[in-house]
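Here, each number is a calculation from the coordinates, and none is a lab measurement. The structure displayed is predicted, hence computed values, not measured ones. Cβ: placed from backbone, ideal geometry, glycine included. Neighbour counts: every protein chain shown.
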Amino acid sequence: MLQITDLAKYYNGQPVFSGLDLQLPAGRFQVLLGPSGCGKTSLFNTLTGVTPADEGTITWQGQTVPHLGSLCAYMHQKDLLLPWFSLMDNALLPARTRGRDMAGARVRAENLFSRLGLDGYESHRPNQVSGGMRQRCALVRTLMFDRDLILLDEPLSALDAITRQRLQHLLLLLQTEFAKTILMITHDVDEALLLADDIFVSSSLPMTLIRRIQLNQPKPRAFDDPDLLHIKADILAHLVKGKAV
Amino acid sequence: MNRSGLTALGLITFLLAGWEGAVRIWTVPVFILPPPSLILKTAVVQAPMILPHAAVTGAEIVLGIVLALATAIPLAIAMFARPVLEKALSPFLVASQAIPVFALAPLLVIWLGYGMASKVFMAWIIIFFPITVSLVQGLKSCDPEYRTLFSLMGASFLKTLTLLYWPWALPRFFAGLRVGVSVATIGAVIGEWVGAQQGLGFLMIQSNARLQTPLVFAAILWLAAMGMALWTLVGTLEKKIITWNT
């Protein structure tokens, strides 16, 4: 369980966000949705410890922590694979940077490679495989962080519909098969609707949570689900209102 | 041979033929402008005499390059790791380039003597700058999203440097190195002009004074060949090392 209480960040005396409260029960997929320019990047940087918070506390499994930098894994819409390493070496990066037991890590990575249909491609370079394979490799790397909490940074934005569908399935594996707790921060409503168990809608500057929506629709979801379209209209109304204030 | 290679070959043949023809038609004296055929002949026939000089100049250039690499790489990394250092040192780096090397050459000969040291130093000054600047730029060009990824992996600076920043900077580093080696000959030759007992620059000055113009050109030809060989070597090395940038 991740608990964020009264988190605040100021920039030149102006709050980017203040009094931000969020609770993430273990194993849930939660999405913080705000208009673009709502301070998404600032929140992300504060949570990961790139820039420290000015106020508030972050608690992970009962322990107060300064930030989530050493507790979470990170997945981005870009695969962020290093072109000079093979897929296997890319997947092993988290183990390598922390100087972990490499033999054990390799066995785990090999298992994940075969689970995600990448076996036989261990020694291929990222530019030798398809975009979908690169994303699967990025997923293996995310799992190799060996952390229960995953931060997603607009993972499906700027993708075409087919890639979006494919990656949606892949990201859902994080929750369904690997039992991760996921916090996604995005300005993309569709992305939130496809993936979230809970959506927190925020207004922009200062970022304030204005609506919480629980989604019980089974996943994977389809874009044109009437229920989702209904919710989408509601969210958009709130986003527009939030922005006008 | 590819199209660009053929074009280059055609262009050079055309220029040389024009030169050869013009010199013969207007019977220009050899000590003013020798025809290319004579230059080539001199470069080959006199090779036993030219080669020891070429070896000296070549050694100066190579030592200059090695010295430049040994100093530019640590400095660039330090400047990248500590932006304060970059801010503090940048004016000095630029100033070092604003001073013409020609102006320094006589002083360097006074300080370091007529031997190889002053020429190696000259080559070093010239090569050092493009390598340092391009490497710093290359290191800084790393995508911030990759940096976030590495910081979340808990990677130390050294790990991030070797696994991320360094390979990321390699293409720019090689671009700088290529500029460096192609101008390295200038430093060594100027050093030899000012004061030396051997080297291609020394041979050029000596032959020039005796109006042995074909020999001057022959020395230039050897110098150009050395420069091109170095350029090709760096290019080959780059292709061998950077295999992912396709």
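Taking label points 7 Å from Cα along the Cα-to-Cβ direction, B:Arg24 and A:Thr59 give a separation of 9.6 nm. Short-range pairs are left out: with C-alpha atoms under 8 Å and at least six residues apart, the relative contact order of chain A is 27 percent. Among A:Val16, B:Val234, A:Val65, A:Val107, sorting on how many other beta-carbon atoms sit within 10 Å of each Cβ, with the fewest leading, yields A:Val107, A:Val65, B:Val234, A:Val16. Charged side chains reduced to their Cβ positions (Lys and Arg at +1, Asp and Glu at -1) give chain A a dipole of some 360 debye around its Cα centre. For the pairs A:Lys180/B:Lys140; B:Lys140/B:Lys240; A:Lys219/B:Lys159; A:Lys9/A:Lys78, flag any whose C-alpha to C-alpha distance is greater than 30 Å. With Cα atoms farther than 30 Å apart: A:Lys180/B:Lys140; A:Lys219/B:Lys159. The alpha carbon centroids of segment A:123-182 and segment A:62-85 are separated by 13 Å. Each peptide in B:44-55, A:29-40 was scored by the mean count of other Cβ atoms within 10 Å over its residues; highest first, the order is A:29-40, B:44-55. Using the Cβ-Cβ distance between B:Ser37 and B:Trp244 with R0 set to 35 Å, the FRET efficiency works out to roughly 0.15. A Förster radius of 25 Å, combined with the Cβ-Cβ distance separating B:Phe102 from B:Thr162, puts the computed FRET efficiency at roughly 0.05. Between A:Gln217 and B:Thr232, the simple spin-label model (points 7 angstrom out along Cα→Cβ) gives 6.5 nm. Given B:Ala225, B:Leu237, B:Thr162, which one lies farthest toward the positive end of the charge dipole of segment B:56-239, if we put +1 on the Cβ of every Lys and Arg and -1 on the Cβ of every Asp and Glu? Comparing the listed Cα positions along the dipole, B:Thr162 ranks first.
Pull up the cross-link candidates among the aspartates and glutamates for B:Lys239, meaning alpha carbon to alpha carbon under 17 Å and not fewer than 8 places away within one chain. Those aspartates and glutamates meeting the cut-off do not exist here. In order along segment A:120-137, phi translates into HN-Hα couplings of x, 10, 4, 9, 6, 7, x, 6, 9, 10, 6, x, x, 5, 4, 5, 5, 5 Hz, rounded to whole numbers, per the Karplus curve 6.51 cos²θ - 1.76 cosθ + 1.60 with θ = phi - 60° and x for Gly and Pro. Set the Förster radius R0 to 45 Å, insert the Cβ-Cβ distance between B:Phe92 and A:Ala179 as r into 1/(1 + (r/R0)^6), and round the FRET efficiency to 0.05. My answer for the efficiency is 0.20. Taking other Cβ atoms within 10 Å as a rough exposure proxy, B:Thr7, B:Thr213 sort from fewest to most as B:Thr7, B:Thr213. When only alpha carbons are used to place a centre, segment B:170-210 and segment B:1-24 end up 26 Å from one another.
When only C-alpha pairs under 8 Å and at least 6 residues apart count, what is the relative contact order of segment B:111-216, in percent?
On the way: 100 pairs, mean separation 39.0, N = 106.
Rounded, it is 37 percent for segment B:111-216.
Among B:Phe129, A:Phe145, the order by Cβ neighbours within 10 angstrom, fewest to most, reads B:Phe129, A:Phe145. For A:Cys38, no residue whose modelled amide H falls within less than 5 Å of its own remains once neighbours fewer than 5 places apart on the same chain are excluded. Here the relative contact order of segment A:1-88, from alpha carbon pairs under 8 Å that lie six or more residues apart, stands at 30 percent.
Packing around the peptides B:167-173, A:54-60, taken as the average count of other Cβ atoms within 10 Å per residue, puts them in this order, highest first: B:167-173, A:54-60. Note on B:Ser141 and A:Thr41: the model spin-label points, each 7 Å out from Cα along the C-beta direction, lie 2.1 nm apart.
For the protein assembly as shown, build the charge dipole from Cβ charges (+1 Lys, Arg; -1 Asp, Glu) around the Cα centre, then report which of A:Leu195, A:Asn127, A:Ile58 sits farthest towards its positive end. Toward the positive end, the furthest listed residue is A:Asn127. Rounded to the nearest Hz, the phi-derived 3J(HN,Hα) couplings of segment B:126-139 under the Karplus curve 6.51 cos²θ - 1.76 cosθ + 1.60 (θ = phi - 60°) are 5, 7, 3, 5, x, 5, 4, 4, 5, 5, 4, 4, x, 5, where x marks glycine and proline. Taken residue by residue and averaged, Cβ atoms of other chains lying within 10 Å of the Cβ of A:91-99 number 4. Mean per-residue shielding of peptide A:136-149 is 1, counting Cβ atoms of other chains within 10 Å of each Cβ.
From the square roots a ≥ b ≥ c of the eigenvalues of the alpha-carbon gyration tensor of segment A:169-245, which class results: rounded (a/c under 1.5), prolate (a/b over b/c), or oblate?
In terms of gyration-tensor shape, oblate.
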